[in-house]
Amino acid sequence: MVQREMENDKNMTEEKEAQEIDENKAEESVAEEKSVEEEESTESAQQGPADAEEKKTEDASSSEGEAVKAPEKPEEIDYAKKAAELEDKYLRCRAEFDNYRKRMAREFNEVREQARRMTVTDFLTVHDYFAMGMASIDAAPNMEILKQGMAMIWAEFQKVLDGLGVKAVDSVGKPFDAKIHEAVSQEASDTVPEGIVLREYKKAFMLGDKLLRPAVVIVSSGPAKPVDVTEESKGGSSSEAAEESREE
């Protein structure tokens, strides 16, 4: 009996050990399955962003391809509106130019009238002196007083011309210059060389560096050329013979 009980206890112990071994193996298998699942989930998590990036790249490339294949239509231009705008600008510019031209013409006329008033005002004093001289001609006791009056008028006249910047140009005794001289004739002269101004009828006047009027002059042609008497006699005899032939 005792031996049987001992055998039973031994069997029970072996069964418990076997049961524990089976339980340990089951726990180990469960742990291995969990670890495998965790590894798979980790790999899927790591592959997810890469797959998403690849998908985005594929979508972008496909959209670019669509853009190349189907370009957008250009915006349509309203040519009628453009033409109306350009015409409006042209009319405005033309109106502004017309106003500018009228304003400049008006200002030019005003400046010219002002210059005329100033010039005439300067000569009024000369006019007054002339009027005084004309009034005193009959009452003057002698010619010396008239000469003094004329000298005063001449001095005042020269003063006005100097104030205006007008200068007289002397021509007598100077070489003929077509820029400031106007020759009306030539005269022979034994004392004045050829091409020199002999006399002047009107003086030349300059305003600054501009010529107001040229001088009217007579130019010397040099010494008079001697006349050949024999040629004159031949010319006279031939003319007389011609007249006789006509009479016959």
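Derivation of every value follows stated rules applied to the coordinates shown; laboratory data play no part. What you see is a predicted model; the values in this text were computed from it and never measured. Because the Cβ atoms are built from the backbone with ideal geometry, glycine has one as well, and the counts that use them run over all protein chains shown.
Net charge of the neighbourhood of ALA105, taken over other residues with C-beta under 12 Å away and scored Lys/Arg +1, Asp/Glu -1, is +2.
Quote the FRET efficiency, to the nearest 0.05, computed for MET118 versus GLU182 with a Förster distance R0 of 25 Å and r equal to the Cβ-Cβ distance. According to the calculation, E is roughly 0.25.
Ranked by the mean number of other Cβ atoms within 10 Å per residue, highest first, peptides 178-191, 138-151 order as 178-191, 138-151. Between LYS167 and MET152, the modelled label-to-label distance comes to 3.0 nm, taking each label 7 Å out from Cα in the direction of the beta carbon. With K and R counted +1 and D and E -1, the other residues having a Cβ less than 15 Å from that of LYS82 yield a net charge of -4.
Please tell me which of these pairs span more than 30 angstrom C-alpha to C-alpha: LYS174/LYS210; LYS102/LYS203; LYS147/LYS202; LYS102/LYS167?
Result: LYS102/LYS203; LYS102/LYS167 exceed 30 Å.
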